[in-house]
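Structure first, commentary second.
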Amino acid sequence: CGQGLPIIYTVRSKEQGGSFPDDETEAWKLMLLGLRFGVEYIDMEACWSRESRSTFMKLVRLMSPNTYVIGSYHAIKYPICSMKQGELESLFLECAHGDVDIVKVVGRAETVQCSMDCHQTAQRMKDSFSGSNVKSIVAICTCDAGRLSRAMNLCLGPTPVAHPSFPGKAAPGQLSAKE
């Protein structure tokens, strides 16, 4: 399917900005399907229960040890700049629960400062993950004001972008590979 490109399998709930139901049981059924496909990356939302995420991680390590798990949270309801002190850091820590490989926090940007705040927080959080399984951090913002965060992001080189054969952008503010 990927024609030699790595596949990131994602089941994004409505609450997190996607189109799948906000039903944890149904989400896990779809996540298991992705695991059986043997995708290179699987995106696991941090909004689900810690117990379910830990159980899923055990299955991943058992069934598909070469699959990387991205622990993600999409804080798109209100801008990063309006978060209280420590709230953004807490999201990074929650995404790391369960010994994931990559931590991904996506926020909404109203200004370029939101992108800067997201990037600076990710830089500070790197030390928190030393000694854990976390290899990389993705910290990006949506909307036009968030485009800078996508250019500054260093994981997945330099950021998740839309492949030229993809019919459109998967998220507001996403860059194409050419951009």
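Some observations on this one:
- Residue among K104, K14, K84 that is within 23 Å of S128 (Cβ to Cβ) and open to solvent by 50 Å² or more (accessible area, probe 1.4 Å): K84
- The number of residues in the range 20-69 being hydrophobic (A, V, I, L, M, F, W, C), out of contact with any Lys or Arg (no Cβ under 9 Å at 6 or more places or on another chain) and open to solvent by 80 Å² or more (accessible area, probe 1.4 Å) comes to 2.
- Here is the figure for the range 90-132: residues that are part of a loop (DSSP other than H, G, I, E, B) and either modelled with pLDDT of 90 or more or over 21 Å from E40 (Cα atoms) (or both) total 8.
- Qualifying residue in the range 141-156 (condition: modelled with pLDDT of 60 or more and part of a strand (DSSP E or B)): yes
- Among the residues of the range 23-67, those identified as over 27 Å from C143 (Cα atoms) and either of a type in the set (S, T, N, Q) or part of a strand (DSSP E or B) (or both) are T25, S49, S52, S54, T55, S64, N66, T67.
- In the range 68-89, of all residues being assigned to a helix (DSSP H, G or I) and among the charged types (D, E, K, R), the one that is nearest to T121 (Cα to Cα) corresponds to E89.
The values are calculated or read from the model by the stated rules, or taken from the named source; none is laboratory data. Here the structure is a predicted model, which means the values were calculated and not measured. No Cβ is skipped: glycine too gets one built from the backbone with ideal geometry, and neighbour counts run over all protein chains shown. Remember, those area values only see protein heavy atoms, side chains included, never the ligands or the DNA or RNA. Shrake-Rupley method; radii C 1.70, N 1.55, O 1.52, S 1.80 Å.
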